[in-house]
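The values are calculated or read from the model by the stated rules, or taken from the named source; none is laboratory data. A quick note: this is a predicted structure, and the numbers were derived from the prediction, not measured. Using ideal geometry, Cβ is built from the backbone for each residue, glycine included, and neighbour counts are taken over all protein chains shown.
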Amino acid sequence: MAGFRLADTDKETLAEKYFCIFCLLLLRDAMQTSCGHFYCQSCLVNLIQNATSMLMICLNDKKRLQPNEVFADKFMRREILALVVHCTFKDDGCIWKGEVRHLENHTSTCEFLKIPCVHPECGVLVKKADLTEHLEKECMYRLEKCKFCQGQINLNRMKVHHENECPGHPAVCDKCRRDDIPRGRVKHMLLKLKLALLLFKMTIIL
């Protein structure tokens with residue numbers, strides 16, 4: 001996993017030494033090279049795996065590195081975890097401040113964290129605190145009650161439902177041309193009419 005993501009204000013104020021040369025984020029599990037530069041542990045592993053001909057070069061000063069010449073800098077790790085930073089969503093309005101060691105726990109529950117709408121088809125990212133309002137007033141995939149049949153229909157399908165499916169939507173009767181009869185009733189009336197005509201024809205034949 002790459003380094004810790006920070007609010008812009010912390011990126012600007014924290015010392016350069018706290019940032020990984022590879023991912024440019026705040027160091028996570030800091031590793032120091034023999035030439036004195038710092039990488040996240042996972043970033044260094046990535047660098048080693050992608051090295052050509054087993055030749056690993058420091059991205060900062062281009063010096064050759066050997067895997068046994070890097071070490072976990074426990075002092076730097078403790079120092080970073082104790083740094084006081086703002087929430088990643090500070091610019092969105094979050095006022096939380098705390099040590100880096102608590103940053104990700106806070107971020108995962110922050111009201112300003114943007115999460116996907118519960119309807120996969122929607123695809124919109126909304127603030128956690130605004131999800132309820134989005135689902136009730138904004139999402140085109142929310143369920144709404146059809147005013148004709150009282151069924152629960154996705155809002156984006158309401159027009160199609162009214163035009164082709166809803167049994168309660170007014171439809172034009174092919175026989176009497178009335179346009180205020182529910183579609184379901186029109187079909188029922190037409191079926192009854194066909195049955196009546198069939199019975200009438202049978203009566204004549206008999």
Leading residue by the ranking (surrounded by the most Cβ atoms within 10 Å (Cβ to Cβ)) among those in the range 73-82 that are in contact with an Asp or Glu (Cβ under 7 Å, 6 or more places away or on another chain) and among the hydrophobic types (A, V, I, L, M, F, W, C): 81
Residue check, residue 9 loosely packed, with under 14 Cβ neighbours inside 10 Å, of a type in the set (Val, Ile, Thr) and under 27 Å from the mean Cα position of the chain (by Cα): yes
If you go through the range 153-178 one residue at a time, how many are out of contact with any helix residue (DSSP H, G or I) (no Cβ under 6 Å at 6 or more places or on another chain) and at pLDDT below 65? 5
Of those in the range 126-152 that are surrounded by fewer than 16 Cβ atoms within 10 Å (Cβ to Cβ) and of a type in the set (Lys, Arg), the residue modelled with the lowest pLDDT is 128
